[in-house]
Amino acid sequence: MAEPAQLLVGNGLVITRESSAPLIENGCVAIRGGVIAAVGSTAELRRLNPGSDFLDARGGIIMPGLINAHTHLYSTLARGMALDTPAPRNFVEILERLWWRLDKTLTLDDVYWSAMAGLADSIRNGVTTIFDHHASPGAVRGSLGRIADAALQSGVRSCLCYEVSDRDGEQVAADGIAENREFLAGMARAGGNGLRGLFGMHASFTLSDRTLARCCDAAVESGAGFHVHTAEAASDTEDCLKRYNKRIVERWRDAGVLGKSSIAAHCVHVDEAETELLAESGTFVVHNPESNMSNAVGSAWVIEMMARGVRVGLGTDGYSADMLESMKVANLLQKHRTGDPGAGWVEPPQMLFENNAAMASECFGISLGKLAAGAAADLVILDYQPPTPVLPTNIDGHLLFGLAGRAVNTTIAGGRILMRGRELLSIDAAEMAANARATAQNLWRRI
Ligand SMILES: [Zn+2]
């Protein structure tokens, strides 16, 4: 007989999304050694595991932990920050007047508390895996290590990278390459199943051919894929056409950036031929609808990309930590973009629950985003008393219209309870908030 489970999470409506049993009424997940041992009925799993600890979902929803495929933990302390410059009127001005002023000012301690606050937000929204894209040009070396410290303490699986760019001169670009290289060689491997790395690059318009080639050489040596902003604004594409006489995805193809373990974030301004290249190469595209709308950079044609075989995942780009909200906005944006109220029902849940899961599973080398025996025990409980029946055919309707990150009551990753009854267990919430506020106040003064 198999060893008993260490923890049962039961008395809930289990949403597996598996075709065999997408919903289990009064369901339960049995966890052993950080992995899901079984998924079934509460009565059955309690009978089979009489001595196990039992976490009562009290009739709420039990579903896989959420995955954020593109975010920036360094942006967390910008919440509520006021700037003394005129309001930015385009994407490059947003970078110059807000994000590049902020990231240049960050010290390693700022990076740490910003990461901790962002990770706490993630846990509160049921996010158990993130793909972070980091910049702190004034404190490049050691920055990924500080984020990794926060990530391991928080228990949120984190795939990290440093975004190399030429915008702060040659030395900072060289430091960025070295930071990626060192992290990939050391920490990313030492962090077990909780930590991974990619080779980070900022975007086409901030990367010379020389720096791009250096990044590619270093990434090949490290055996890592890339995480890079791609065609986020039309100005990025125009710059690429003007300087290199090709479109951005073509530039990536020629340099060797595309591939199954690479992430091209945004892809708002890609054409048919670029879409073909993304599909052929298996590159992951990550859609960030709220950020795209907030920056007024346009609406990605993600539905068409997916129809052509591109693997499109979903992120927040640091706009929020709430993946259910991001899915909701993805749904709305596709309707708005196409003028078709029937658009966007199928693809956003597919991005969040299938493609993000595939991306994270490939990256971390363990089955993530699934409630099935053998998958990592990453799951969440949401408080929910639906006014209408939840059926295998209308799960997405309930997720879209009835739920949001704030409904998450309990977050578990690798079998470790990170939050229970809205109380953070892996992070001291009061200490974190006090440190983050003091850090933010000091940071805002220096900016
Ligand atoms: Zn981004």
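Across A300, A358, A234, mean-square fluctuation computed from a Gaussian network of the chain (C-alpha pairs under 10 Å connected) peaks at A234. For the stretch 98-139, a crude dipole built from +1 on the beta carbon of Lys and Arg and -1 on the beta carbon of Asp and Glu, taken about the Cα centre, is about 100 debye to the nearest 20. With a simple spin-label model that places each label point 7 Å from the Cα along the Cα-to-Cβ direction, the separation between A174 and N245 comes to 3.2 nm.
Between E272 and R446, the contour length at 0.36 nm per residue exceeds the Cα-Cα span by 58.2 nm.
Taking the number of Cβ atoms within 10 Å of each Cβ as an exposure proxy, the fewest-first ranking of D175, D317 is D175, D317.
Eigenvalues of the alpha-carbon gyration tensor of the stretch 12-104, scaled by 5 and square-rooted, set the equivalent ellipsoid semi-axes at 47, 14, 12 angstrom, largest first. Of all beta bridges that DSSP places with both ends in the chain, some 45 percent have antiparallel geometry.
Is the stretch 125-232 best put as rounded, prolate or oblate by its Cα gyration tensor, with a ≥ b ≥ c the root eigenvalues, rounded for a/c under 1.5, and otherwise prolate when a/b is larger than b/c, oblate when not? Note, shape of the stretch 125-232 comes out prolate. Computed over the alpha-carbon pairs of the chain, the distance histogram in 10 Å steps reads 5, 22, 32, 26, 12, 3, 0 percent, short to long. Taken along the Cα-to-beta-carbon direction at a fixed 7 Å, the label points for T338 and E362 span 2.4 nm. Considering only G339, T283, V156, and ranking their Cα positions along the charge dipole of the stretch 66-364 that arises from unit charges at the beta-carbon of Lys, Arg, Asp and Glu, the one farthest toward the positive end is V156.
Approximating the spin labels as points 7 Å out from Cα along Cα→Cβ, the E221-to-T85 distance works out to 3.5 nm. Placing +1 on each Lys and Arg Cβ and -1 on each Asp and Glu Cβ, with no other charges, gives the chain a dipole about its Cα centre of roughly 600 debye.
Could you please rank K370, K246, K328, K260, placing first whichever residue has the fewest other Cβ atoms within 10 Å of its Cβ? Mind dumping the intermediate values first?
Working: K370 22, K246 15, K328 19, K260 12.
Final ranking by Cβ density, sparse to dense: K260, K246, K328, K370.
For the stretch 198-245, the alpha-carbon radius of gyration amounts to 1.19 times the rule-of-thumb value 2.2 N^0.38 Å expected for a compact globular protein. In terms of packing, defined here as the mean over residues of other Cβ atoms within 10 angstrom, the peptides 94-102, 375-383 line up highest first as 375-383, 94-102.
What is the extension gain from A372 to F401, computed as 0.36 nm multiplied by their sequence separation minus the C-alpha to C-alpha distance, in nm to one decimal? Can you show the working numbers first?
Numbers: separation 29, 0.36 × 29 = 10.44 nm, distance 2.59 nm.
Using 0.36 nm per residue and subtracting the Cα-Cα distance, I get 7.9 nm.
Read-outs: derived from the displayed coordinates by stated rules, not from any lab. In this text, all values refer to a predicted model and were calculated from it rather than measured experimentally. Reconstructed Cβ throughout: ideal geometry from the backbone, glycine too, with neighbour counts over all protein chains shown.
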